[in-house]
1. Calculate the dipole size of the range 126-187 relative to its Cα centre from +1 charges on Lys and Arg beta carbons and -1 charges on Asp and Glu beta carbons; express the result in debye to the nearest 20.
2. Ranked highest first by the average count of other Cβ atoms within 10 Å around their residues, in what order do 112-120, 75-83 fall?
3. Under a 5 Å amide H to amide H cut-off, with H placed in plane at 1.01 Å, what residues pair with residue 191 once short-range neighbours are removed?
4. What percent do you get for the relative contact order of the range 126-187 when only Cα pairs under 8 Å and 6+ apart count?
5. So if we plug the beta-carbon distance of residue 187 and residue 294 into 1/(1 + (r/R0)^6) with R0 = 51 Å, what FRET efficiency do we get, rounded to 0.05?
6. Quick one: if you stick a label point 7 Å off each Cα along the C-beta vector at residue 66 and residue 255, how many nm between them?
7. Could you give the length gained by full extension between residue 316 and residue 168, i.e. 0.36 nm per residue of separation minus their alpha carbon distance, to one decimal place?
8. Between residue 235 and residue 302, how many nm apart are label points set 7 Å from Cα along the C-beta direction?
Amino acid sequence: MIRRHFFLIAAVVILSLMVVAGAFKVLTKTAGAGAGAQAPQGAGGPSGGPRARRAGAGGGGFGGPTMVSVAVVQPRAFEDTIEVLGVAKGRQSVTLTAAATQLVDKVRFTDGQYVKRGAILVELKGAEQDAGAAQAQARLVEAQRAYERYRSLGEKGFSSKAQIDQFEAAYRSAQADVAAARARQNDRTIRAPFAGIVGLSDIAPGALVNPGAPIVTLDDVSAMRVDFQVPERYLSQLREGQSILATADAYPGETLVGRIAKLHTRIDERTRAITARAEFPNAAGRLKPGMLVRVGVSRGVRQSLSAPESAVSVQAENAFVYVLRQAGERTMTEQRPIVTGLRQHGFVEIRDGVRAGDRIVADGLNKIQPGQPVRVAAPRQPGAPPATQRPAA
């Protein structure tokens with residue numbers, strides 16, 4: 001019983017000591033905070049201690065106006081064009097095929113070779129056709145001699161007119177047989193129908209070719225043709241000989257100059273568009289058949305307000321710029337919706353929303369908000385660092 005009361009009394013004493021120690025600690029921290037609040041006034045004056053000064057300096061550095069570059073809205077010439085897509089092809093292009101089923105005897109070209117008109121490209125085996133031609137030629141000689149003999153006899157009165165006509169018909173038939181035999185011979189020889197460059201081919205001696213099977217392509221690429229469709233409503237603005245400009249994805253930044261060679265005689269009833277054929281010089285051979293070409297047909301030049309592309313922000317279907325306005329001594333930004341038009345050479349046509357001479361933020365639109373104060377950077381001098389760059393400490 002006495003031992004149980006002893007442990008109870010000890011627990012109460014320990015709990016009391018813990019409460020006293022906690023209270024002492026709280027009083028000590030409160031006194032330290034009060035002394036710390038009064039110490040800076042005596043040590044550093046009303047402006048605060050070094051830590052306060054550092055905090056104040058840091059806050060002023062990050063909370064100041066953002067520095068921006070400025071562009072001025074001003075008129076600029078924009079060329080109104082009709083932009084359409086077309087596919088390039090050679091002035092003349094053909095895929096050569098065989099007219100008969102036969103084995104290849106000789107291949108007389110190499111891939112990518114320039115060949116003249118009439119040059120022999122492939123020879124097929126033609127032993128049977130050669131023999132047929134020789135036989136037809138022999139029959140022709142025999143028929144010719146018989147006809148000439150009976151014609152001579154007829155002139156002397158020893159042959160009738162019917163006999164002479166019969167042998168003349170046989171002679172004419174023999175001539176036709178020779179022409180047919182030579183045509184069959186020519187079917188075994190594949191020639192270039194025009195001068196151009198042959199493409200890649202897997203044909204080789206001994207290969208069997210069938211009628212209509214492609215053997216090799218031939219393209220005249222001295223000039224390229226591009227067929228493109230233009231909506232019917234622009235028909236009055238098209239004419240043969242008209243100069244046009246084009247670009248190709250294969251040569252970014254380069255402009256191709258050509259002309260409209262021909263306009264189709266009909267308008268497509270389904271698409272309500274007319275097909276125009278343009279020609280582009282290709283002396284260097286850089287344009288290849290099948291290349292995608294973007295054609296621009298000029299509709300005239302007009303003067304419109306403009307802004308750099310970097311100064312225009314687009315969100316969904318809306319576009320806007322940040323116009324600078326003065327609010328006392330501060331320069332503020334105003335988000336202004338605009339109506340845009342063409343985009344050419346790094347500038348955007350502005351049809352409505354701003355006036356000529358308005359100052360707008362030129363770039364870095366993701367760093368500013370509407371109504372935010374900004375600082376205008378001085379014009380950058382050649383070789384100088386950007387205005388937003390801070391000097392080294």
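The numbers here are math on the coordinates, done by the rules we state, and not lab data. Quick caveat, the model's predicted, so the values are computed rather than measured. Ideal geometry is used to build each Cβ from the backbone, glycine not excepted, and the neighbour counts take in all protein chains shown.
1. 260 debye
2. Details: 112-120: 12.3, 75-83: 15.2.
The packing order, highest mean first, is 75-83, 112-120.
3. Under 5 Å from the amide H of residue 191: 121.
4. Numbers: 43 pairs, mean separation 32.2, N = 62.
Relative contact order, the range 126-187: 52 percent.
5. The formula returns an efficiency of 0.75 here.
6. 3.5 nm
7. On the way: separation 148, 0.36 × 148 = 53.28 nm, distance 8.79 nm.
Using 0.36 nm per residue and subtracting the Cα-Cα distance, I get 44.5 nm.
8. With each label placed 7 Å out from Cα toward Cβ, I get 2.4 nm.
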